[in-house]
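Trainee: Can you read through this structure? Questions will come right after.
The values are calculated or read from the model by the stated rules, or taken from the named source; none is laboratory data. If you're wondering where the values come from, they're calculated on a predicted model, not measured in any experiment. Here the Cβ positions follow ideal geometry from the backbone for every residue, glycine too, while neighbour counts run over all protein chains shown. Note: areas computed on protein heavy atoms with side chains; ligands, DNA, RNA excluded. Shrake-Rupley method; radii C 1.70, N 1.55, O 1.52, S 1.80 Å.
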Amino acid sequence: GDVERAWAEAEAVLPMALRVRLPFYLLGADMLASMRTLFEGRLADCEPMIARVLATGQSQAANTGMQVYGAQMFALRSMQGRLAEVEPLFKMLVQQLPNIPSFRAALAFLYSELERDEDARRELDTLAANGFSDLPRDTGWLASLTLLGQVAAGLRDRDRSQRLYDLLLPYADRNVVVALAAASNGSCERYLGILAAVLQRSP
């Protein structure tokens, strides 16, 4: 939550990336710049910056670049109320990268937001096997839980809502960062509040 120091460190990345010329760091510099515009709500500036992330990724680190591009376009279109536009992209990512369940979690949330409850429940059921314990504890884990929490709440699924509440509770005082700082889902307490409303309990 120390945003001032975070931006100072992010600004230091670009000159270092240009100096070492390693693909991952060049992509990281572009990613942090576009993430900041998302975080600050400068949506008009976001799209060309996110496009640059994809271009850098395609020329330098293609697989990682596509993942970052997907995460940032999802955040942007969600803020704009235009999630339907990224459905084809996320269906492709789910198909091509089945070992990264955060893309399926995003697709479930997209369906939920579009009031396609049957599709949302299908994706939620896939990820909820064994009480969500099959989800890898990777860089997308916490963000996936916040997305799935909103899906479970929207479907009024009390059992899954309770399980997701329990998983998120230890992170109540944290901000949820998506993957390698591609975007931010904000305070974890927000999602605990959404789930608590379904469970009819105090957060």
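Trainee: Kirkwood Rh over Cα pairs of the stretch 1-82 into Stokes-Einstein at 10 °C, 1.306 mPa s: D in µm²/s?
Mentor: Estimated diffusion coefficient is 124 µm²/s.
Trainee: Helix 62-80 versus the longest principal axis of the chain: what angle, 0 to 90°, nearest 10, using Cα atoms?
Mentor: 60
Trainee: So what's the net charge close to Glu47: Lys and Arg +1, Asp and Glu -1, counting the other residues with Cβ under 12 Å from its Cβ?
Mentor: +2
Trainee: Given the -39500 (n - 2.57) contribution per DSSP H run of 4+ residues, what per-residue ellipticity at 222 nm results for the chain, rounded to the nearest 500 deg cm²/dmol?
Mentor: -22500 deg cm²/dmol
Trainee: How are the Cα pair distances of the stretch 98-155 distributed, in percent, across 5 Å bins from 0?
Mentor: Result returned by the calculation: 4, 24, 36, 24, 10, 2.
Trainee: If you don't mind, there's one more thing I want to ask. May I ask for the Kirkwood hydrodynamic radius of the stretch 113-194, worked out over all distinct Cα pairs and given in angstroms to one decimal?
Mentor: Across the stretch 113-194, the inverse of the average 1/r is 12.9 Å.
Trainee: Go from 0 up to the bin containing the longest alpha carbon distance in the stretch 35-98, width 5 Å each, and give me the % of pairs per bin.
Mentor: Going from the shortest bin to the longest, the percentages are 4, 18, 27, 26, 18, 7, 1.
Trainee: Can you pull the one-decimal nm distance between simple spin-label points at Arg137 and Asn99, each 7 Å off the Cα toward Cβ?
Mentor: For Arg137 paired with Asn99, the spin-label model returns 1.9 nm.
Trainee: What percentages make up the Cα-Cα pair-distance distribution of the stretch 47-197 when the bins are 10 Å wide from 0?
Mentor: 12, 44, 35, 9, 1
Trainee: Between helix 117-127 and the chain, what is the angle of the helix's C-alpha long axis to the longest principal axis, kept within 0 to 90° and rounded to the nearest 10?
Mentor: So the inclination is approximately 80 degrees.
Trainee: Out of the chymotrypsin sites (Phe, Trp or Tyr not before Pro) in the stretch 118-203, which ones are loop residues according to DSSP with at most 15 other C-beta atoms within 10 Å?
Mentor: none
Trainee: Working from Cα positions, state the angle (0 to 90°, nearest 10) between the long axis of helix 158-168 and the longest principal axis of the chain.
Mentor: 40
Trainee: Which distance in Å, rounded to a whole number, links the C-alpha centroids of the stretch 72-121 and the stretch 1-55?
Mentor: 23
Trainee: How high is the FRET efficiency from Met16 to Gln162, r the C-beta distance, R0 45 Å, rounded to 0.05?
Mentor: Result of the calculation: an efficiency of 0.50.
Trainee: May I ask you to derive the FRET efficiency for Arg116 and Glu4 from their Cβ-Cβ distance with R0 = 41 Å, giving the value to the nearest 0.05?
Mentor: Efficiency, rounded to the nearest 0.05: 0.50.
Trainee: Just the accessible area per residue of the stretch 10-149, please: how many Å² with a 1.4 Å probe?
Mentor: It amounts to 49 Å² per residue over the stretch 10-149.
Trainee: Also, quick follow-up: I need the calculated FRET efficiency for the pair Glu47 and Arg174, taking r as the beta carbon distance and R₀ as 22 Å, to the nearest 0.05.
Mentor: After rounding, the FRET efficiency stands at 0.20.
Trainee: Do any trypsin sites (Lys or Arg not before Pro) in the stretch 96-160 lie in a loop, going by DSSP, with at most 16 other beta-carbon atoms within 10 Å of their beta carbon, and if so which?
Mentor: Arg116, Arg137, Arg156
Trainee: Give the range of the longest stretch in the chain that excludes all GluC sites (Glu not before Pro) found in loop regions by DSSP and having at most 15 other beta-carbon atoms within 10 Å.
Mentor: Maximal segment without exposed cleavage sites: 116-203.
Trainee: Do you know the relative contact order of the chain, to the nearest whole percent, from alpha carbon pairs under 8 angstrom that are 6+ apart?
Mentor: Relative contact order here is 16 percent.
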